[in-house]
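Every read-out reported here was derived from the displayed coordinates using simple, explicitly stated rules and does not represent laboratory data. What you are looking at is a predicted structure, and each value in this text was computed from that prediction instead of being measured. All Cβ positions, glycine included, derive from the backbone under ideal geometry; neighbour counts span all protein chains shown.
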Amino acid sequence: MNREYLFALANKYGSPLYVYDAEKIISQYRSMENAFQASKKLKINYATKALSNISVLKLINSLGGNLDCVSIQEVKLGLKAGFEPHRLSFTPSGVSIGELDKAVAYGARITLDSLSILQEFGEKYPKIPVSIRINPHIMAGGNKKISVGHVASKFGISKDHIPEVKKIIGKTGTRIDGIHKHTGSDILDIDVFLRGSEVLFTIAKEFEDLDFIDFGGGFKVAYKEGDPSTNMQDFGNIMTRRFDKFCEAYGKDISMAFEPGKFLVSECGYFLAKVNVVKPNSKTIFAGIDSGLNHLIRPMYYGAYHHIENISNPKGEEKKYTVVGYICENDTFAENRPIPEISQGDVLCFRNAGAYCFSMASNYNSRYRPAEVLVYKNKDYLIREREVFDDLIKHQIEVDIEF
Ligand code: LLP
């Protein structure tokens, strides 16, 4: 999306602002389909948590994708976006049977991630097939916070607990219809992904009536020029061959599901914020923006790199800036980053702001969450209003206490 257009959107809708390029989501989706040679076995279950605006979900729906939902609220969003219930895959971790009851009532497909809940669920719903999330004991992912398939992780049923799974379903009569894993985010190494998949193939053979294997998400996207990313074409080729071989040995064609979040929506997003203050000190020049960790927490929480452009002065002389927010604790977006000269009032643009940016935003410091705009075929659509004071106090109850 070009700078002039983004700049115009910041003026039209105000700042800070999230802007999403629908065409980029479409092209990422299609490139994944193509990498798998449009195999009929492929199921793309978009990880709703990455960016859950209903308009984005509707777009995924129009492309033929399904949703991966990890909370009952995501299931409800999916239904509201028009997905048929069976296209919603509910893969939460550590939820109560009460939340599973609701997912059953809505008709979502159920994935369970502990032995105790498998037992409880099976006793309650012996006729409902479920898939099981396996912890394959694989260290995968860009950093510790987002590595979730290793032996010490809370997620899934250990790959060593299959005998226990069989014992439970032997008693409850539950049919296992799928085997699932998700081992981490920002996985660059295809081999790591494949190693985790081999664990699933081995386990899958133990269950005779599967409909699918779900290999989760976690594909790496580029955050700056020259940054490596998952080669989806290579991955698709290798995985398709391997999966076909599995189906042959299994004696049945089943589906091969993935749950991409970042791959589909990271690069579609632009976060626009205005510079409130330029403050040189003896070590650096601070550029303080009208935002903070309340709107985009990835740099502070994961040390994530987001490329920053000065779209008000793109050709200006580069200087090193420490870009910070207005939150009353350290919220540094970038340290000593070369950026074209910044003046008060300039609009900065953060790239890769589609995945886990708005969806992780909060009201910390009693700030409003930003507006969101979707651009499709050169037209911009406001898809979420900026919050107002009423949103902050909507659920607060002013009680009559004499303090
Ligand atoms: N499936 C499941 C069950 C997941 O938990 C996740 C992400 C995904 C799929 C999609 O993963 P992706 O393709 O987006 O990597 N907030 C972190 C990422 C946490 C991902 C959590 N689970 C970040 O901003 O880097």
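Numbers for the structure displayed
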read-out: Counting DSSP beta bridges with both ends in the stretch 273-342, the antiparallel % (nearest 5); value: 75 percent
read-out: Extreme residue, positive dipole direction of the chain, given options 403, 366, 26 (C-beta unit charges); value: 26
read-out: Residue range of the chain that is longest and free of GluC sites (Glu not before Pro) which are both DSSP loop and sparsely packed (at most 14 other C-beta within 10 Å); value: 1-205
read-out: Orientation-averaged projected area, Cα convex hull of the stretch 22-264 (nm²); value: 12.2 nm²
read-out: The stretch 180-263: C-alpha gyration tensor shape, a/c 1.5 cut-off, then a/b vs b/c; value: prolate
read-out: Span per principal axis, largest first, for the Cα atoms of the stretch 255-390 (Å); value: 58, 37, 32
read-out: Residues 137, 295 arranged by fewest to most Cβ contacts within 10 Å; value: 137, 295
read-out: Angle in degrees between helix 232-250 and the longest Cα principal axis of the chain, rounded to the nearest 10; value: 10 degrees
read-out: GNM result for the chain, Cα springs below 10 Å: residue of 240, 202, 91 fluctuating most strongly; value: 202
read-out: Convex hull of the stretch 1-93 built on C-alpha atoms - directionally averaged projected area, nm²; value: 7.5 nm²
read-out: For the chain, share of DSSP beta bridges that run antiparallel, in % to the nearest 5; value: 45 percent
read-out: Solution diffusion estimate, µm²/s, Stokes-Einstein, the stretch 210-320, Kirkwood Rh from C-alpha pairs, 37 °C, viscosity 0.692 mPa s; value: 181 µm²/s
read-out: Links that overshoot a 24 Å alpha carbon limit, given the list 58/102; 144/279; 24/279; value: 144/279; 24/279
read-out: Trypsin sites (Lys or Arg not before Pro) restricted to the stretch 248-346 and DSSP loop, no more than 16 other C-beta within 10 Å; value: 252, 283, 315
read-out: The chain: most fluctuating residue of 163, 92, 126 per GNM, C-alpha cutoff 10 Å; value: 163
read-out: Neighbour-count ranking [beta-carbon atoms within 10 angstrom, fewest first] of 57, 77, 67, 115; value: 115, 77, 57, 67
read-out: Residues 221, 388 arranged by fewest to most Cβ contacts within 10 Å; value: 388, 221
